[in-house]
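Asker: Please find one structure pasted underneath; my questions will follow.
Read-outs: derived from the displayed coordinates by stated rules, not from any lab. None of these values were measured; they are calculated from a predicted model. All Cβ positions, even for glycine, are placed from backbone atoms using ideal geometry, and neighbour counts span all protein chains on display.
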Amino acid sequence: MLHLLRIIRKDLIQVNSVKKYFLYAIGEILLIVVGILIALQIGNWNNRRMERIEEREVLTRISNEVNRHVAIISSIQSSALSKTKEALEHFASVFNGEPISDDDEFLTAVVRSGSFGYSTPRMPITTYDDLVSSGKLQLIRKLELRELVSAYYLRNNDTERRGDAVKGKYGLLTLDLVP
């Protein structure tokens, strides 16, 4: 192709047709400009495609993390429910006028039922932290979804801070009561 263009250019120069040579030169420039524009468009398309792939990966990671949170919370709730039932059984017998059969067991049930939340584990939030620290939270294109994700993780962070503030020394003191 280049060989053919060189031959055409050489013929136009030798014939002394300046007008035809300029038209040829303008055609060549347009061809180069169109090629550059096509290359830029392909590059932009590829960048958008890579961002969509990364967005899907981020949303999958967030989904997995939230599912882990649900599993942790379910485990905590079932544990708290069983501790509460155990304590209620002890309380019911005492309220019915029955003597406490085992002081240590009764005290343990009371303390465990009253100290729920003092040993709750921290929820993993690595995906959100990674997105915020790298500035890639904008990968989530849908504004409403991005706001929901941020609100969820900020609420989780607030819950942990409130839990830390409530814990104080109460949890440690009550757990020290249990033999």
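Asker: Could you give every pair whose Cβ atoms fall below 8 Å, whose first residue belongs to region 145-156 and is under 17 Å from residue 124 (Cα atoms) and free of Cβ contacts under 8 Å to residues at least 24 places away in the same chain, and whose second residue is surrounded by 12 or more Cβ atoms within 10 Å (Cβ to Cβ) and polar (S, T, N, Q), counting only separations of at least 6 or pairs across chains?
Answerer: none
Asker: Let me ask something else. Consider region 53-95. How many of its residues are more than 23 Å from residue 160 (Cβ to Cβ) and either touching a residue at least 40 places away in the same chain (Cβ under 8 Å) or touching a strand residue (DSSP E or B) at 6+ places or on another chain (Cβ under 7 Å) (or both)?
Answerer: Looking only at that region, the number is 3.
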